[in-house]
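> Next up is a structure, given as structure tokens.
The values are calculated or read from the model by the stated rules, or taken from the named source; none is laboratory data. Keep in mind that this is a model prediction, so the values were computed, not measured. Note that each Cβ is placed from the backbone with ideal geometry, even for glycine, and that neighbours are counted across all protein chains shown. For accessibility, only protein heavy atoms count, side chains too; no ligands or nucleic acids. Shrake-Rupley method; radii C 1.70, N 1.55, O 1.52, S 1.80 Å.
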Amino acid sequence: MSAFGRRQAVTAVNALPGEKVLEVGVGTGLALPLYNKNKRITGIDLSEDMLERARQRVVREHLSNVDDLAEMDAEATIFEDNSFDIAVAMFVASVVPHPDALLKELKRVVRPGGHILFVNHFLAQDGLRLKVERAMASASRSLGWHPDFAIETLLPPEDMQRATIRPVPPLGLFTLVTLPQNKDT
Ligand SMILES: C[S@@+](CC[C@H](N)C(=O)[O-])C[C@H]1O[C@@H](n2cnc3c(N)ncnc32)[C@H](O)[C@@H]1O
């Protein structure tokens, strides 16, 4: 199922202006082959094991548009302000310890006029899915993800208003968030 979310997020990245893309929590690099060749990708992850597998993918699939894959905390990167046109986090926001720090850091490193994208599972707003996800929350540790991660945990009200938020087909279990970058927020 996550492949749909990944594909939707990278399709959105490919359609945006600007070439310098930061992918945080790049993992084994499953999304890397999906980027258009005119996008230059920097990937970071906390896990050196994941990064090693991503590096092997880059070699295996001749991904010449991947500039760097580096071990780094997405909540506190070494990049200068306004280094990227786009930052994208796929299935990462709900696994970092401080989603607010992640958002703050991505706002710092993306230039004004750029974009920040998230694809993630967020807690349903209502209905049966909300009940099921709340019930599953106690099993978060064994599931390895957080069924009760609410979008409001990531986005403050002003960003909720500015963002484009849409469910990812076919089932809508994941959500794609596109946040235009203003430096005054
Ligand atoms: C669920 S995986 C998603 C991987 C990839 N984005 C994908 O779609 O396949 C979450 C990834 O985030 C990484 N991660 C978790 N916390 C992180 C942090 N603070 N900084 C950078 N990467 C982090 C993990 O090591 C893992 O590779």
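> In region 20-50, what residues are open to solvent by less than 20 Å² (accessible area, probe 1.4 Å), among the hydrophobic types (A, V, I, L, M, F, W, C), without any contact (Cβ under 8 Å) to a residue 60 or more places away in the chain and not in a loop (DSSP other than H, G, I, E, B)?
If the condition is that a residue be open to solvent by less than 20 Å² (accessible area, probe 1.4 Å), among the hydrophobic types (A, V, I, L, M, F, W, C), without any contact (Cβ under 8 Å) to a residue 60 or more places away in the chain and not in a loop (DSSP other than H, G, I, E, B), then Leu32, Ile41, Ile44 are the ones that fit.
> Can you find even one residue in region 75-90 that is more than 17 Å from the chain's Cα centre (by Cα) and either buried (at least 18 other Cβ atoms within 10 Å of the Cβ) or within 22 Å of Arg7 (Cβ to Cβ) (or both)?
no
> So which residues in region 105-128 are under 15 Å from the mean Cα position of the chain (by Cα) and within 21 Å of His146 (Cα to Cα), if there are any at all?
Leu117, Phe118, Val119, Asn120, His121, Phe122
> Could you please give the count of residues in region 1-32 that are more than 10 Å from the ligand (Cβ to nearest atom) and acidic (Asp, Glu)?
1
> Considering only residues of region 1-19 that are open to solvent by 40 Å² or more (accessible area, probe 1.4 Å) and assigned to a loop (DSSP other than H, G, I, E, B), which is farthest from Glu80 (Cα to Cα)?
Applying the filter and picking the extreme gives Met1.
> Now for a different question. Ile44 fails exactly one of the following numbered conditions: (1) farther than 26 Å from Val168 by Cα; (2) within 12 Å of the ligand (Cβ to nearest atom). What is the number of that condition?
(1)
> Just for strands (runs of 3 or more DSSP E) wholly inside region 51-130: which have at least 3 residues that are closer than 19 Å to Pro156 by Cα?
On the way: elements: 66-71, 84-90, 110-120.
Per the criteria, 84-90, 110-120.
> Of all residues in region 91-133, how many are open to solvent by 30 Å² or more (accessible area, probe 1.4 Å), within 11 Å of the ligand (Cβ to nearest atom), free of Cβ contacts under 8 Å to residues at least 60 places away in the same chain and not small (Gly, Ala, Ser)?
2
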